[in-house]
Amino acid sequence: MKKPFDLSLYLVLDPDLCQQHSMVETAREAVAGGATMVQVRHKRASTTERIALARSVKEALRNTPALVVMNDDIEAAIEAGVDALHIGQRDMPAASARARIGLNMLLGLSVNSESAAQAVDPALVDYVGVGPVFATPTKTDHEQPIGFAGLTRIVAACPVPAVAIGGLKQQHVSDVLATGASGIAVVSAICGTPDPQQASRELWERILASRPG
Ligand SMILES: Cc1ncc(COP(=O)(O)OP(=O)(O)O)c(N)n1
Ligand SMILES: Cc1nc(C(=O)O)sc1CCOP(=O)(O)O
Ligand SMILES: [Mg+2]
């Protein structure tokens, strides 16, 4: 069975930023502060290394509701038994990914335009990552930034829930949620900060304060 998922505060791990606090420690602290999803994203690692890392993150988050996502690497996702796989438009077709991961793993897809959003098949894809909202040094090969106006249009065109990503910090939380996005995905707003739990908690508090009711 696919797990229910909550995109509210989606942490994407970065090995370069997580040097003082390791990726596993950052994941643990961020979830203690409110993070709901944690993506293992390590571009330079081998599949074997990604499997080991994902297993360690899973173990660290075992008694929490947070879900573990593997970026790009379908073999590692399957072998580590993570909750979700995240792919980009150029990684592989969503239909191929779904055929490999089966029906019990969630599938996330990156989207940067209204046409890509309209092309999302909700029978294959569970959520989209929409961005970059702003230019960011964390991903040097990112697409053209979309801003909040672009985010609003793309989210409206998506048939599945969306999480915004790219250059997002605490002060952007209310604007992000006002676009209709279900959550905010961050790397450097948590990874590499002196206190990842505190950084996560401050984001989480802004999410709660931005929600109606
Ligand atoms: C939540 C989320 N959204 C977007 C991305 C970017 O994925 P992709 O376009 O495949 O780029 P890389 O991350 O693989 O460099 C993401 N990873 N997570
Ligand atoms: C992993 C990733 N994907 C992006 C996209 O636009 O698809 S932007 C990005 C990096 C986001 O890092 P930060 O929160 O430090 O800006
Ligand atoms: Mg990718």
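Every read-out reported here was derived from the displayed coordinates using simple, explicitly stated rules and does not represent laboratory data. The structure presented is a predicted model; accordingly, all values stated were derived computationally and were not measured. As a convention, Cβ positions derive from the backbone with ideal geometry for all residues, glycine included, and neighbour counts pool all protein chains shown.
Sorting the Cα pairs of region 9-122 by distance into bins of 10 Å, from 0 upward, gives 14, 45, 31, 9, 0 percent per bin. Note on Lys169: aspartates and glutamates with a C-alpha under 17 Å away, same-chain residues under 8 apart excluded, are Asp14, Asp195, Glu202, Glu205. Positive end of the dipole of the chain (Cβ unit charges, origin at the Cα centre): among Pro65, Ala149, Ile78, the Cα lying farthest that way belongs to Pro65.
Annotation: lysines with alpha-carbon distance below 18 angstrom to Lys58 (same-chain offsets under eight excluded): Lys2, Lys3. Comparing Ser46, Pro159, Asn112 along the charge dipole axis of the chain, the residue lying farthest to the positive side is Pro159, per the Cβ-charge model.
Summary value for region 9-210: 22 percent relative contact order, contacts being C-alpha pairs under 8 angstrom separated by 6+ residues. Taken about its Cα centre, the chain carries a charge dipole of about 240 debye when Lys and Arg each add +1 at the Cβ and Asp and Glu each add -1 at the Cβ.
Spatial offset of region 1-34 relative to region 147-213 amounts to 14 Å, using the alpha carbon center of each. A full extension of the chain between Asp195 and Glu75 corresponds to an added length of 39.9 nm, given 0.36 nm per residue minus the alpha carbon distance. For the chain, rounded, prolate or oblate, judged on the Cα gyration tensor with a ≥ b ≥ c (square roots of eigenvalues), a/c < 1.5 rounded, else prolate if a/b > b/c? Judged from the Cα gyration tensor, the chain comes out rounded (a/c under 1.5). Only helices enter the 222 nm calculation for the chain: every DSSP H run of n ≥ 4 contributes -39,500 (n - 2.57), and dividing by all residues gives -10500 deg cm²/dmol, rounded to 500.
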